[in-house]
Amino acid sequence: MSNLALIPHSARSGIPAIETVSVLGVSVGVLTRHRATALLRECVDRGVRGWITYVNIHALNLAFENPWFQLFLNNSLFAYCDGQGVRMGAAMGGKHLPERIVMSDWVYDVCELAVLRGLHVYLLGSSEFVINKAAANLKEWYPDLQIAGTHHGHLFDLDSESVAQAIGKLNVDLLIVGMGMPRQEQWILRHYDRLNARIILPAGSCFDYVAGVKKRCPAWMGVLGFEWLYRLAQEPRRLWRRYLLGNPRFLWRVLTGQ
């Protein structure tokens, strides 16, 4: 990953400085969902280009083990807390993160902003059925939303190049990429120079929820930090390693700094 382009720190000079806390070497913005939306609006209004990332336990584990991933997170326009585990890790270091911001909720604020500012949005990720259903739902909820295009995220190398070039010709304002960590971040870095998108938003499995093929956990479970358990019950084969091995590993690293 060393040859991949990274956004220069100077690009963040276009937006106001925000308070951050460091969790396992990753700078996480001290943000509410409302403030994150305001920052996104300022990025758009000032013509800033770059990406905005979410940070959860899985992201921090990946960053701890992969220097390129830590660089990706720390070179974001801003990174927001997506998980009670991250809030807990910050609190154990005497720091405070006000709330978790989940992309499958925040995406609706993003779409409202896109409508208000007349922004062109491109949706990339998940399966062809899911991405088309997600786009259809968003258009139903936001009739004035300008969706410049969609494409599924099951891409091979040749497909990736052609899709990146096609997106680049559209000069989209917001590119939402939902391929899961770290694949979506790798894809963004590999094609960043060709995408010509103003703001890129990694989105994980967001489209599955927008399309309605997955259900969000009950609100009380999210507040108590048990969303991971709900997701594990839904997809044990895919997620058991991330949660049953990753969560204890994260806790050990926070406690020991290793």
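Bear in mind that the values in this text are calculations on the coordinates, not laboratory data. Because the structure is a prediction, the values reported are computed rather than measured. Every residue, glycine as well, gets a Cβ built from its backbone with ideal geometry; the counts of neighbours run over all protein chains shown.
Output the residues belonging to segment 60-89 that are among the small types (Gly, Ala, Ser) and either outside any helix (DSSP H, G or I) or under 19 Å from residue 37 (Cα atoms) (or both).
Matches in segment 60-89: 76, 79, 83.
From the list 222, 180, 204, which one is among the small types (Gly, Ala, Ser) and not in a loop (DSSP other than H, G, I, E, B)?
222
Identify, from the list 42, 19, the residue that is touching a Gly at 6+ places or on another chain (Cβ under 9 Å), free of Cβ contacts under 8 Å to residues at least 24 places away in the same chain and surrounded by fewer than 20 Cβ atoms within 10 Å (Cβ to Cβ). Give the derivation first.
Numbers: 42 fails: free of Cβ contacts under 8 Å to residues at least 24 places away in the same chain.
Within the list 42, 19, the selection yields 19.
Which residues, counting only those in segment 150-184, are among the acidic types (Asp, Glu) and farther than 14 Å from residue 200 by Cβ?
Of everything in segment 150-184, those that are among the acidic types (Asp, Glu) and farther than 14 Å from residue 200 by Cβ turn out to be 157, 159, 161.
Among the residues of segment 202-217, is there at least one that is among the hydroxyl-bearing types (Ser, Thr, Tyr), farther than 15 Å from residue 107 by Cβ, crowded, with 17+ Cβ neighbours inside 10 Å and under 16 Å from the mean Cα position of the chain (by Cα)?
Checked against the condition, which is being among the hydroxyl-bearing types (Ser, Thr, Tyr), farther than 15 Å from residue 107 by Cβ, crowded, with 17+ Cβ neighbours inside 10 Å and under 16 Å from the mean Cα position of the chain (by Cα), segment 202-217 yields no hits at all.
Could you tell me which numbered condition residue 24 fails, if it satisfies all but one of (1) on the phi < 0 side of the Ramachandran plot; (2) crowded, with 17+ Cβ neighbours inside 10 Å; (3) touching a helix residue (DSSP H, G or I) at 6+ places or on another chain (Cβ under 7 Å)?
Result: residue 24 fails condition (1) only.
If only one of 104, 27 is among the hydroxyl-bearing types (Ser, Thr, Tyr) and over 27 Å from residue 149 (Cα atoms), which one is it?
Being among the hydroxyl-bearing types (Ser, Thr, Tyr) and over 27 Å from residue 149 (Cα atoms) holds for just one of 104, 27, which is 27.
Identify, please: which residue in segment 124-166 is closer than 27 Å to residue 34 by Cβ and touching a Phe, Trp or Tyr at 6+ places or on another chain (Cβ under 7 Å) and is, among those, surrounded by the most Cβ atoms within 10 Å (Cβ to Cβ)?
The first filter runs over segment 124-166 and keeps only residues closer than 27 Å to residue 34 by Cβ, leaving 124-125, 134-135, 137-148.
Cutting the leftovers down to touching a Phe, Trp or Tyr at 6+ places or on another chain (Cβ under 7 Å) gives us 125, 134, 148.
On the way: 125: 28, 134: 26, 148: 17.
The extreme case among them is 125.
Scan segment 90-109 residue by residue and report those that are of a type in the set (A, V, I, L, M) and either assigned to a loop (DSSP other than H, G, I, E, B) or in contact with a helix residue (DSSP H, G or I) (Cβ under 7 Å, 6 or more places away or on another chain) (or both).
Hits for segment 90-109 are 92, 97, 101, 102, 103, 107.
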